[in-house]
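Visitor: Quick one: the structure is below, questions incoming.
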Amino acid sequence: MPQTTALLSALKQRLRANGVTYADVAHALGLSEASIKRLFAQQGFTLARLEQVCTLANTDLAELVQSMLLQQRQVEQLSEEQEAEIASDVLLLMVTVSVINGFSYDDLLSHFRLTPAECIQKLAQLDRLKLIDLHPGNRIKLRIAPNFRWKPDGPIQRFFLQYVQKDFFDSRFDDKSEKLMVLNGLLSHTSNAEMQEKIDRLSMEFNERLKKDRHLPMTDKHGTTMVIALRQWRYSLFDEYMK
């Protein structure tokens, strides 16, 4: 990623984290909102304007550059081999999912039947796989990007379909923390593509909620899984009646 693009990407993340909108930036710089969007799209900021926007984002250029460098080290997706290593070890998979969701070393020991040696061994594996940096005192620093996803049809997704899917859907979905909706109809390719874009945005919003709640104590958070699927599909039992 070119350095300017990476720097502005880091700036936009800082703006979102501080609740600053394009309209807020436009007001501060005395420009229209359309002009601000164009400046970001065309990467046309002067240094003076960039410093003004940094101030709105509660940061400065030096800190923004450090944030950019950190993002460039972040992992967006693992390789097939890395996912296979995690999927083949249930204990490692449990630690991986927990760490991605903000568990510390102490949280892992208090929530699961893990010895300190087992916990450190699994964390060391994740460090080797470049999912985390394991620091002195067993402090965990995530290296995954905000848009991190498991590989489509990769080992983790196949593990879910083989072992977790039935367990997940074994529910009436009538608890206040649950919701299941099944919709079907006739969609054009254009509408299907638009729905997929909305699914992408919803997954981003889910990740934003994870980041927002990360600072809360573990007692105030609960393991939550959201499964979203869209498929051009017909129930196979209807096939014998089709022309």
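Visitor: Just name the residue that is farthest from the chain's Cα centre (by Cα) out of those in the stretch 144-187 that are basic (Lys, Arg) and loosely packed, with under 10 Cβ neighbours inside 10 Å.
Guide: Arg172
Visitor: Scan the stretch 5-40 for residues that are exposed (fewer than 11 other Cβ atoms within 10 Å of the Cβ) and either at pLDDT 90 or above or over 23 Å from the mean Cα position of the chain (by Cα) (or both) and jot them down.
Guide: Scanning the stretch 5-40 gives Gly30, Ala34.
Visitor: Please work out which one of (1) surrounded by 14 or more Cβ atoms within 10 Å (Cβ to Cβ); (2) out of contact with any strand residue (DSSP E or B) (no Cβ under 7 Å at 6 or more places or on another chain) is the condition Val75 fails and give its number.
Guide: (2)
Visitor: Mind listing just one residue for me: the one in the stretch 188-230 that is outside any helix (DSSP H, G or I) and charged (D, E, K, R) and, of those, surrounded by the fewest Cβ atoms within 10 Å (Cβ to Cβ)?
Guide: Per the criteria, the residue is Arg214.
Visitor: I'd like the residue in the stretch 112-150 that is assigned to a loop (DSSP other than H, G, I, E, B) and of a type in the set (Lys, Arg) and, out of all such residues, is farthest from Ile100 (Cα to Cα).
Guide: That would be Arg113.
Visitor: Does the stretch 79-96 contain at least one residue that is surrounded by fewer than 18 Cβ atoms within 10 Å (Cβ to Cβ), under 29 Å from Glu205 (Cβ atoms), in contact with a Ser or Thr (Cβ under 8 Å, 6 or more places away or on another chain) and in contact (Cβ under 8 Å) with a residue 60 or more places away in the chain?
Guide: No: zero hits.
The values are calculated or read from the model by the stated rules, or taken from the named source; none is laboratory data. Source: prediction; values computed, not measured. A quick note on method: Cβ atoms are made from the backbone with ideal geometry, for glycine too, and the neighbour counts reach across all protein chains shown.
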